[in-house]
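The values are calculated or read from the model by the stated rules, or taken from the named source; none is laboratory data. Quantities reported herein were computed from a predicted structural model and do not represent experimental measurements. Don't worry about glycine lacking a Cβ; one is built from the backbone with ideal geometry, like all the others, and counts go over all protein chains shown.
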Amino acid sequence: MPLVTSEKVLKKAQAGGYAVGAFNANNLEYVQAIVEAAEEERAPVILQASQGAIKYAGLEMIVAMVRTLAEAATVPVVLHLDHGRSFEQNVKCLRAGFTSLMYDGSKLPYDENAAITRKVVEMAHVVGVPVEAELGQVPDAGKVTMEEVEAFMTDPDEAKKFVEETGLDFLAVAVGSIHGMKSQAAEIDIDRTKKIADLTGVPLVLHGASGVTDEGYKAGIKAGICKINIATELNKAFTRGMHDALAKNPNEIDPRKIAGVGREYVKEAIKAKMRLFGCSGKA
């Protein structure tokens with residue numbers, strides 16, 4: 001089917017009490033794994049392209065790969081911009097065919113973040129494309145102390161004000177997760193998450209979620225998390241698959257037989273997350 005917007009799948013998730021997995025793709029194998037997993041699990045899926053992925057694969061190439069596979073799929077597929085750092089980047093992705101945008105001004109002063117977010121929202125809503133924005137900061141692993149993680153967390157009252165001032169569709173919150181964690185050890189502030197959800201009324205997004213515990217996912221979803229971003233765990237699965245393929249056949253020179261194993265590992269990791277998030281069978 002044609003690409004759908006994130007609003008269609010996340011509003012349904014919010015009403016149904018589950019979360020939709022948002023998986024970052026860096027190359028063809030990732031895109032294939034994400035869409036195949038969604039088909040096999042009969043789950044809606046959000047396929048994300050980060051700044052790094054766009055630089056690596058090219059904006060037009062990413063859109064072409066995703067659109068081709070989405071149109072052949074029988075489940076809803078969203079193409080989302082992950083951590084768009086500027087108004088201009090959001091415009092480029094909207095024009096290229098993305099069906100969901102994100103402006104990330106979380107490192108800017110509140111007023112500047114709100115002003116640019118509002119500008120992106122006004123632009124995207126003209127053509128019916130929803131917008132995610134971030135308030136608070138989800139830090140990077142290895143560069144932050146736990147005290148700083150807490151200091152960066154989203155303030156619930158400020159979140160209410162931010163949503164009202166910008167008109168955004170989904171809010172990415174900082175509630176304890178950390179980007180790039182290689183182990184599942186992050187603790188989510190569930191009370192804070194629920195308060196933000198209650199005050200804003202919009203679906204919440206959890207970034208840096210590869211490092212969150214399984215129980216943290218479940219509690220976060222009950223508190224209002226509707227979109228869960230997974231990137232690092234897919235990278236770990238892909239490289240582990242290639243390592244295993246080369247260990248089994250060290251003289252293999254056909255890259256398809258190496259990357260193909262990585263793709264299967266990524267697909268299995270995605271399917272496990274879909275079941276955990278409760279979106280399997282919700283297509």
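Based on this model, can you work out whether V20 counts as farther than 26 Å from A174 by Cα, in contact with a Leu (Cβ under 8 Å, 6 or more places away or on another chain), crowded, with 22+ Cβ neighbours inside 10 Å and at pLDDT 95 or above? Don't jump to the end; show me each part of the working.
Values: farther than 26 Å from A174 by Cα: no; in contact with a Leu (Cβ under 8 Å, 6 or more places away or on another chain): yes; crowded, with 22+ Cβ neighbours inside 10 Å: yes; at pLDDT 95 or above: yes.
When the stated conditions are applied, V20 does not pass them.
The rows are residues; the columns are (1) modelled with pLDDT under 95; (2) in contact with a Lys or Arg (Cβ under 7 Å, 6 or more places away or on another chain); (3) assigned to a loop (DSSP other than H, G, I, E, B).
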| site | (1), (2), (3) |
| --- | --- |
| L10 | no, yes, no |
| E40 | no, yes, no |
| V75 | no, yes, yes |
| Q89 | no, no, no |
| C93 | no, no, no |
| M102 | no, no, no |
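Hey, can you tell me all the residues within the range 177-208 that are among the small types (G, A, S) and at pLDDT 90 or above?
Of all residues in the range 177-208, those among the small types (G, A, S) come to 177, 180, 183, 185-186, 197, 201, 208.
Correct list: A197, G201.
Does V205 fit the bill of being buried (at least 21 other Cβ atoms within 10 Å of the Cβ), out of contact with any helix residue (DSSP H, G or I) (no Cβ under 8 Å at 6 or more places or on another chain) and in contact (Cβ under 8 Å) with a residue 40 or more places away in the chain? Steps first, answer last, please.
Numbers: buried (at least 21 other Cβ atoms within 10 Å of the Cβ): yes; out of contact with any helix residue (DSSP H, G or I) (no Cβ under 8 Å at 6 or more places or on another chain): yes; in contact (Cβ under 8 Å) with a residue 40 or more places away in the chain: yes.
In short, yes.
Mind counting the residues in the range 24-40 that are more than 18 Å from A64 (Cβ to Cβ) and either among the basic types (K, R) or in contact (Cβ under 8 Å) with a residue 60 or more places away in the chain (or both)?
3
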* **Flag if G180 is crowded, with 21+ Cβ neighbours inside 10 Å, on the phi > 0 side of the Ramachandran plot and not polar (S, T, N, Q)** => no
* Check whether at least one residue in the range 228-242 is in contact with a Lys or Arg (Cβ under 8 Å, 6 or more places away or on another chain), crowded, with 16+ Cβ neighbours inside 10 Å and not in a helix (DSSP H, G or I), and report yes or no. => yes
* Restricting attention to the range 210-253, which residues are over 24 Å from the mean Cα position of the chain (by Cα) and among the polar types (S, T, N, Q)? -> N249, N251
* Structure fact -> Restricted to the range 42-64 and to residues being in contact (Cβ under 8 Å) with a residue 40 or more places away in the chain and either outside any strand (DSSP E or B) or aromatic (F, W, Y) (or both), the residue surrounded by the fewest Cβ atoms within 10 Å (Cβ to Cβ) is R42
